[in-house]
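Remarks on the structure that follows.
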Amino acid sequence: VALSRPRSIEALPDTLISQIAAGEVVERPASVVRELLDNALDAGASEIQLRLMAGGVRQILIEDDGCGIAAQDLPRAIQRHATSKIRSLHDLESVLTMGFRGEALAAIASVAALRIITRTQGASTAFMLDAASGEIEPAARAVGTSVEVKELFFSTPARRKFLKSEATELAHCVEALRRHALARPDVGFALWHEGKLQHQWRSAEGRSQHGDLDTEDEQRMVEVSATALERRLADVMGPEFMAQSVPVDYSEGGVRVFGRAGMPTHSRARADQQYCFVNGRFVREKTIAHAARSAYEDVLHGQRQPVYVLYVEIDPALVDVNVHPTKIEVRFREGRLVHAAVRHAVQQALAPSSAQVAAAASA
Ligand code: ADP
Ligand code: MG
């Protein structure tokens, strides 16, 4: 409906600006989980615990053992466009932290009840911030941060209507956790739903502390980060994937590609088990997806989709991560270099099993 007469132009109130912006960042509980996991990792956490109620709609509680937030910074943590992660355009051009927009906590606070309890090293106590009242008071916890998000979209019923069943929302939260767990095998993750432990993926360090290593030899092995990665891949992707995939490790043109590629026999009807990480960030990126699929063109027929977990490491100055509010899309300055590296990496990894497929076909 067009306006018949011009109406006065007014600046939007701050809360409404946040609610509009929140639409881009916070779509469902899993988006909140993703942002909070990003923050915990950026804070240098080595153990992260996630507790959900009702698929994350009623409550999301995340606890980390990261660096915490200084009391005097707490009010700014929930302020829009306030961040500790970048200071200048120059910083943005080679950013390695997950966050940098300073939007997530402000967005979450505008569509849910948000409380932060945090403590820094050397502080005499922890502090709690209630986003609704803005009040800060002393609290108790060890060094690190707890963020509690309750009643998502309680103030925006129109958005709440778009939420799916509890089981579906939980599945999306688990998927967000899987992506972070795959991205960071050096960090321990655990997820409880309605008080029940659903997933626990320990770090190499967490394992040795919990004594589930068989031999001293094995203990020494987990020091090697490649082994930590294999273990995490096994934990998150499952034994079948490990048995039906081959290791990838390849460099070309300044691009390193590693991880595991599923053998052609392990393909799926849908592209739902394809994980790509660029400099530790989970992404959906057409160049990588196309390159990976093209590596299978001779061995995987029709509409079948490969399964893979690929890590791409490249000079951060050659990647633009500031393309999309959720940062799930990235843009490469040298897309062709990345395409060639990924394609060749997967082709080389598959070469022995491809030869088998070819032999079986000609037999
Ligand atoms: P961004 O991550 O883009 O900086 P956020 O809104 O997600 O923006 O967070 C705002 C700020 O709050 C961060 O820059 C960081 O300084 C602080 N912060 C948020 N979560 C944590 C956490 N778990 N541990 C330590 N600091 C945090
Ligand atoms: Mg953030």
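Among the residues of the stretch 278-298, is there at least one that is more than 30 Å from Glu240 (Cβ to Cβ) and among the basic types (Lys, Arg)? So far as the stretch 278-298 goes, no, none of its residues is more than 30 Å from Glu240 (Cβ to Cβ) and among the basic types (Lys, Arg). For the stretch 93-104, residues that are within 11 Å of ligand 1 (Cβ to nearest atom) and either at pLDDT 90 or above or of a type in the set (S, T, N, Q) (or both) total 8.
Within the stretch 71-92, being of a type in the set (A, V, I, L, M) and either within 8 Å of ligand 1 (Cβ to nearest atom) or surrounded by 15 or more Cβ atoms within 10 Å (Cβ to Cβ) (or both) holds for Ala71, Leu74, Ala77, Ile78, Ala82, Ile86, Leu92. Look at (1) touching a strand residue (DSSP E or B) at 6+ places or on another chain (Cβ under 6 Å); (2) aliphatic (A, V, I, L, M); (3) at pLDDT 95 or above and you find that Val323 fails only one, number (3).
For the stretch 105-114, the count of residues that are under 15 Å from Gln72 (Cα atoms) and either buried (at least 20 other Cβ atoms within 10 Å of the Cβ) or within 13 Å of ligand 1 (Cβ to nearest atom) (or both) is zero.
The set of residues in the stretch 1-59 that are of a type in the set (Gly, Ala, Ser), within 15 Å of ligand 1 (Cβ to nearest atom) and closer than 16 Å to His81 by Cα comprises Ser18, Ala21, Ala22.
Going through (1) outside any loop (DSSP other than H, G, I, E, B); (2) within 15 Å of ligand 2 (Cβ to nearest atom) one by one, Ala181 falls short only on (2).
Filtering Ala82, Ala43, Ala70, Ala22 for residues that are farther than 30 Å from Arg333 by Cα and assigned by TED's automatic domain parsing to the domain that holds Glu169 leaves a single hit, Ala70.
Quick check on Val338: is it at pLDDT 95 or above, under 25 Å from Val246 (Cβ atoms) and part of a helix (DSSP H, G or I)? When the stated conditions are applied, Val338 passes them.
The values are calculated or read from the model by the stated rules, or taken from the named source; none is laboratory data. Fair warning: this is a prediction, and the values are worked out from it, not measured in the lab. Glycine also receives a Cβ, built like all others from the backbone with ideal geometry; neighbour counts cover every protein chain displayed.
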